[in-house]
1. For the condition buried (at least 24 other Cβ atoms within 10 Å of the Cβ), within 15 Å of the chain's Cα centre (by Cα), on the phi > 0 side of the Ramachandran plot and not polar (S, T, N, Q), what is the one hit in Gly23, Gly107, Gly96, Gly103?
2. Among Gly244, Gly227, which is buried (at least 17 other Cβ atoms within 10 Å of the Cβ) and touching an Asp or Glu at 6+ places or on another chain (Cβ under 6 Å)?
3. Taking the residues in region 63-93 that are part of a loop (DSSP other than H, G, I, E, B) and touching a strand residue (DSSP E or B) at 6+ places or on another chain (Cβ under 8 Å) as candidates, determine which candidate is surrounded by the fewest Cβ atoms within 10 Å (Cβ to Cβ).
4. Using the structure shown, decide if Thr193 is under 30 Å from Arg80 (Cβ atoms), under 17 Å from the mean Cα position of the chain (by Cα) and surrounded by fewer than 23 Cβ atoms within 10 Å (Cβ to Cβ).
5. Condition check: touching a residue at least 60 places away in the same chain (Cβ under 8 Å) and within 21 Å of Glu278 (Cα to Cα). Does Gly14 satisfy that?
6. Looking only at region 201-217, decide whether some residue is in a loop (DSSP other than H, G, I, E, B), of a type outside the set (A, V, I, L, M, F, W, C) and under 22 Å from Gly302 (Cα atoms).
7. What are the pairs, 6+ residues apart or on separate chains, where a residue within region 38-58 that is exposed (fewer than 11 other Cβ atoms within 10 Å of the Cβ) has its Cβ under 6 Å from a residue that is part of a loop (DSSP other than H, G, I, E, B) and at pLDDT below 95?
8. Taking region 110-126 only, how many residues are surrounded by 24 or more Cβ atoms within 10 Å (Cβ to Cβ) and in contact with a Leu (Cβ under 6 Å, 6 or more places away or on another chain)?
Amino acid sequence: MAEVHLIGVPLDLGAGRRGPDMGPSALRLTGIARRLTDLGHKVTDLGNVPVPIPEAAELGDTSMRYADPITTVCEQLAQRTQQAVASGAVPLTLGGDHSAAIGSISGIAAARAAIGPIGCIWVDAHADMNTPESSPSGNVHGMPLAALLGRGPDLLTRIGGNAPSLRPTNTVLFGIRDLDEREKGIVRDSGVTAITMSHIDRDGIGPSVQRAIEVATAGALASGAAGLHISLDMDALDPSIAPGVGTPVPGGLTYREAHLLMEMVHDSGALIGMDLVETNPALDRANATAELGAQLALSALGHRIL
């Protein structure tokens, strides 16, 4: 069993709607620490990274709103995830909006840099590959994957000091289904592997997950990539089962599709970190979205039906 470090990031500076800052509390209310302990893991809750509220933060350049305070938060998060991985623990980041992944993944990549590049499966309805130049909103939660791949301003791409943190050949977009025309071109030209909901419908969830894992963990080294990180935006799931998100899109992953993804990630033996982001309790029903997020984290960390 693993040592798991829970790290809360009550961040909604990168989002277009208020509320994701309550995500870490909602996830903790599910009893996630106790349930992971019951699985046999050693769990340490490191509390929350300090995050200013929008009313007390500087908006800055409207093409990347609140980029300075988001960078400060992500630098602190990167330090925590780097320390967790260096100590042999699996960091589980509880968000907060998806811009937090710039910090969580940068820290993990820095911790594994001596071994090689890490792989990432980015599970999301959206590609999150805009830059300030292409973003229609200026919301940084639509930019984190671009930043991690080294695209965008140094302010965002150099968090953790190991730019770029991800390489396209080991990065997979999984479950995407809502991209504007400009972002479609960005994804096509990026070199990442995109497994859309259409691919999943056509090929089936099992083969699609297997392909994602193979791409994310492949590498020139005999051992492949230096571990696999999974970044789960709860809007990847269908709104019928995950209503508490700020940008719901119909036609997402079903309950069992999402669990199979996590079960197969666990079975790969490559998991080194995970994000649970974009839960918005203000839009949820009876904490259903946070509960599902907790269940999926448990599957990724070894919970099984039998």
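The values are calculated or read from the model by the stated rules, or taken from the named source; none is laboratory data. Keep in mind it's a predicted model, so treat the numbers as computed, not measured. Cβ atoms come from the backbone with ideal geometry, glycine included; neighbour counts cover every protein chain shown.
1. On the way: Gly23 fails: on the phi > 0 side of the Ramachandran plot; Gly107 fails: on the phi > 0 side of the Ramachandran plot; Gly103 fails: on the phi > 0 side of the Ramachandran plot.
Checking each option against the conditions leaves just Gly96.
2. Just a single option satisfies the conditions, and that option is Gly244.
3. Ranking the qualifying residues of region 63-93, first place goes to Gly88.
4. Working: under 30 Å from Arg80 (Cβ atoms): yes; under 17 Å from the mean Cα position of the chain (by Cα): yes; surrounded by fewer than 23 Cβ atoms within 10 Å (Cβ to Cβ): yes.
Criteria met by Thr193.
5. Judged against the criteria, Gly14 is a match.
6. Checking region 201-217: not a single residue is in a loop (DSSP other than H, G, I, E, B), of a type outside the set (A, V, I, L, M, F, W, C) and under 22 Å from Gly302 (Cα atoms).
7. So the pair list comes out as Gly40/Met1.
8. Filtering region 110-126 for residues surrounded by 24 or more Cβ atoms within 10 Å (Cβ to Cβ) gives 111, 118-126.
Filter again for in contact with a Leu (Cβ under 6 Å, 6 or more places away or on another chain), leaving 119-120, 122-123.
Number of matching residues: 4.
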